[in-house]
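Asker: Let me give you the structure first, and then I'll get to my questions.
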Amino acid sequence: MAKTIPFSGNTQAARARAAKAMLLPLPRATAEELALQVHLALDSLRRGQGSVSAAQTVTQAMLLVAFIVEAGYGTLTPEALRTADAASAACFERGRTSGEWVLERAGYEIFAAIATVYDHQLQKAPLWAVTEASDRLDRFSAGEPYQAVARKRA
């Protein structure tokens with residue numbers, strides 16, 4: 001039987017493979033799973049059967065889309081971002097005061113457009129852009145500075 005060559009996790013070849021992997025998009029199954037969570041949350045808010053979790057999910061997707069757009073993948077106008085932010089704030093306010101977690105029609109439409117951009121980004125943007133956006137979202141959620149780190153360009 002042939003003997004396999006052991007690869008150490010800290011070799012130059014392993015680092016090169018990891019660096020190359022960061023240039024590829026997410027695996028399709030992962031991208032579809034992430035997108036599905038946003039679409040399900042959005043649908044529940046459209047039907048008036050949402051929850052704080054659903055509102056958080058679509059709001060986080062909005063921020064992720066904005067961060068990935070800043071990295072150069074996809075488009076989202078500042079006006080669309082402001083409109084979505086206002087719709088999100090209204091959804092949270094209504095949910096906290098009345099217990100009804102719903103997006104009004106205009107809010108739903110802008111978030112549906114954002115979900116479409118998110119779908120495309122998850123399928124096409126490199127892993128480094130999605131990872132960086134996720135890290136920025138984590139810092140934003142923790143109340144820490146979340147601005148993009150300047151990246152070296154080749």
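None of the figures in this text is laboratory data; all of them are computed from the coordinates on show. In this text, all values refer to a predicted model and were calculated from it rather than measured experimentally. No Cβ is skipped: glycine too gets one built from the backbone with ideal geometry, and neighbour counts run over all protein chains shown.
Asker: Which whole-angstrom value gives the distance between the alpha carbon centres of region 126-145 and region 34-112?
Answerer: Between the Cα centres of region 126-145 and region 34-112 lies a distance of 18 Å.
Asker: Does anyone have the angle between helix 127-141 and the longest principal axis of the chain? Alpha-carbon axes, 0 to 90°, nearest 10?
Answerer: 50
Asker: Let me know the charge dipole size of region 26-140 about its Cα centre in debye, to the nearest 20, where only the beta-carbon of Lys, Arg (+1) and Asp, Glu (-1) is charged.
Answerer: On the way: 10 positive and 14 negative charges, 26 e Å.
Dipole magnitude for region 26-140 comes out near 120 debye.
Asker: Taking only DSSP H segments of four or more residues, each worth -39500 (n - 2.57), what value at 222 nm results for the chain once the sum is divided by all its residues, to the nearest 500 deg cm²/dmol? Could you put the intermediate results ahead of the total?
Answerer: On the way: 6 runs with 104 residues, N = 154.
The helix contribution divided over the chain gives -22500 deg cm²/dmol.
Asker: Relative to the longest principal Cα axis of the chain, at what angle does helix 78-98 sit, 0 to 90 degrees, rounded to 10?
Answerer: 60
Asker: Here's another thing I want to ask about it. For Cα Rg over 2.2 N^0.38 Å, the choices are (i) 1.20; (ii) 1.25; (iii) 0.97; which was calculated from the structure?
Answerer: (ii)
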